[in-house]
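This report concerns only the one structure given below.
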Amino acid sequence: MTGDASGGRRPVDLAAAVAGRLARAGSNAVTAALGGRVRTRVILLLASVLALASADSATVGASAIQLRHDLHIDNTDVGLLVAVTSLVAAAASVPFGVLADRVRRTRLLGGAIVLWGAAMLWSATAPTFGQLLLARLFLGGVTAAAGPIVASLVGDWFASSERGRIYGYIISGELVGAAFGFAVTGGIATLSWRASFVILALPAFALAWLVFALPEPTRGGRNPLISATARPVAAAAGADGEQQATDAQRLANELGIEPDPELVLTRDPRRLGLLAAARYVLSIRTNVALILASAGGYYFLSGVQTFGVEFVTKQYGIAQALSTLVLLAVGAAGVIGVLVGGGLGDFLLHRGFLNGRILVSAIAATAAVILFLPAIFIRSPLTALPYISLAALSLSAQNPPINAARLDIVHPLLWGRAEASARPCARSRKRAHRCCSGRSPTTCSAAAGQGCNGRSPSCSSRLPPARTSCTRPCAPTRVTSPPRRRLPQHRARNFRTAGRG
């Protein structure tokens, strides 16, 4: 009898041992791909922050039917729940952007995540639509911390030559979170929408504890986490003996691109007030174009998160459970898109294409428009799925290189305020318009993602990136024989305090 019991346990033990080995092998592979344990921990935690916020928005959309029945509301009210969160987040991101440039960011982000969890629990216990709306207002105020803090941390933790790829990993967390909201908490919402918010609240507190334990990176991107397998990138020296910190700066220097004298930053960015910082950031036309392009991508994503389930069920006449599977396939294509787009933009930049990141974004946005058109008119889910998936892949591929390019343009000590004064506002206005309209998400056009107008975000001058930005048009030129001519520097004042933490 003991032998039978022992024999019965052996297959279970063998299966457990095999599963453990596979898990360790997968963990080691991920760690090697991301460049080490410390880098892997940072990337996964930042991706989890975006995943938590995205899962919350997706849960509201997946719970729309239950919310309407339980609280006696309509689609406009459901859209309002997401819209108020985004609009409040747009306003609250301004003080968080200031704090991100001046205080310890890991503690600030950890504290905000604790409040996220509390707001989600409050949402789960709201007895009326009015109280649920009030809870969502509070949630929008605390989730605003994610945008400026994550952008600032990415710039300081990772070298500029790989930020596109790193942003791909981190933004994939946003798509995975949306998939979790649709598949897991959305499924739970069919039983109880209150339980779905509780399920999201519990991981928030564990995530906050892990974020609190992260070390604070050195400001100015002066001490990034270098991958053990990374190839050393040659840095060109400027006229004043300082090193160029980015590939974009090096290429601009080799092409002989001069700084725009009107945009040379001659003041200490730490002493710039919020309005002065916002005025300077928005005076860079390339940066504004990239903000609009990024907003075009999120315009579609936010619509899918809120009304994706209802659109798929009504457009293709399938059950809610099957529609969730369709959206999961679309989300998987989006994850592939962000990973490919970020890495491809970095690869082109390393190969000497100054406009490599912008080129990837422009092509991806154009392809998304073309692929979405047949999906809107097709009624068969099997026929439409390839078009929708490829369109989602193309649309999501533009965001990592755009985000990386924006960090190349803006002064490192302005990253938090730049994110707070620009990108969240554009993104939230787009989301609020989409959610309040209550329309199908596929009626939007991805053409807004082509707002770069051929201007390179990498057109920084031969001065170090902490000192200036350039918005002059640059052709997507490949450097074959670098010219080494010196440029007059009498038009640009040296800014010696740049990059000091």
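The values are calculated or read from the model by the stated rules, or taken from the named source; none is laboratory data. Small disclaimer: the values here were computed from a predicted structure and weren't measured. Counting neighbours? That spans all protein chains shown, and the Cβs are built from the backbone with ideal geometry, glycine included. What goes into the accessible areas is simple: the full protein's heavy atoms, side chains included, and nothing from ligands, DNA or RNA. Shrake-Rupley method; radii C 1.70, N 1.55, O 1.52, S 1.80 Å.
Enumerate the calculated ³J(HN,Hα) couplings along segment 124-135 in order (Karplus 6.51 cos²θ - 1.76 cosθ + 1.60, θ = phi - 60°), each rounded to whole Hz, writing x wherever the residue is Gly or Pro.
The phi angles translate into 5, 9, 5, x, 10, 5, x, 6, 5, 5, 5, 5 Hz.
So how far apart, in nm, are the two label points at ASN28 and HIS72 if each is 7 Å from Cα heading toward Cβ?
6.2 nm
How big is D for segment 147-214, in µm² s⁻¹ as a whole number, if Stokes-Einstein is applied with the Kirkwood radius of its Cα pairs at 4 °C and 1.567 mPa s?
Numbers: Rh = 14.0 Å.
The estimated diffusion coefficient comes to 92 µm²/s.
How many Å² of accessible area per residue for segment 1-91, probe 1.4 Å? Write out the running numbers ahead of the final one.
Details: 4550 Å² over 91 residues.
Here the residues of segment 1-91 average 50 Å² of exposed surface.
Once phi is turned into ³J(HN,Hα) by the Karplus curve 6.51 cos²θ - 1.76 cosθ + 1.60 with θ = phi - 60°, what whole-Hz value does each residue of segment 44-51 show in order, with x for glycine and proline?
Once θ is set to phi - 60°, the couplings for segment 44-51 become 5, 5, 5, 5, 5, 4, 5, 5 Hz.
Assuming R0 = 41 Å, can you tell me the calculated FRET efficiency for the pair ILE226 and ARG379, based on Cβ-Cβ distance, to the nearest 0.05? Mind showing how you got there, number by number?
Numbers: r = 52 Å, r/R0 = 1.26.
E between ILE226 and ARG379, to the nearest 0.05, is 0.20.
Using amide H atoms built in the peptide plane, which far-off residues or other-chain residues are under 5 Å from LEU214 H to H?
none
Can you work out the Karplus-derived ³J(HN,Hα) for every residue in segment 162-169? Use 6.51 cos²θ - 1.76 cosθ + 1.60 with θ = phi - 60°, whole Hz, and x for glycine or proline.
10, 5, x, 5, 5, 4, x, 4
Counting Lys and Arg as +1 and Asp and Glu as -1, each charge on the Cβ, what is the dipole of segment 60-200 about the Cα centre in debye, to the nearest 20?
On the way: 9 positive and 7 negative charges, 70 e Å.
Using only the charged Cβ atoms, the result is roughly 340 debye.
For segment 101-193, what is the Kirkwood hydrodynamic radius in Å, using each pair of distinct C-alpha atoms? Present the calculation step by step, with values, prior to reporting the outcome.
Values: mean 1/r = 0.0651 Å⁻¹.
The answer is 15.4 Å.
Just round it to a whole percent: the fraction of Cα-Cα distances in segment 1-104 exceeding 19 Å.
On the way: 3816 of 5356 pairs.
So the portion of pairs separated by more than 19 Å is 71 percent.
Mind running the shape call on segment 128-168? Use the C-alpha gyration tensor, a ≥ b ≥ c as the square roots of the eigenvalues: rounded below 1.5 for a/c, prolate if a/b tops b/c, oblate otherwise.
Prolate is the answer for segment 128-168, as a/c is 1.5 or above and a/b outweighs b/c.
So what's the projected area for segment 347-428, the Cα convex hull averaged over all directions, in nm²? Mind showing how you got there, number by number?
On the way: hull surface 27.9 nm².
That works out to 7.0 nm².
Provide the FRET efficiency to the nearest 0.05 for the THR190-ARG104 pair, computing r from the beta carbons and using R0 = 51 Å.
Details: r = 42 Å, r/R0 = 0.82.
It comes out at approximately 0.75.
How much of the accessible area of segment 353-427, probe 1.4 Å, is carbon plus sulfur, in whole percent? Please list the in-between numbers first.
Details: 1760 of 2210 Å².
Carbon and sulfur together cover 79 percent of it.
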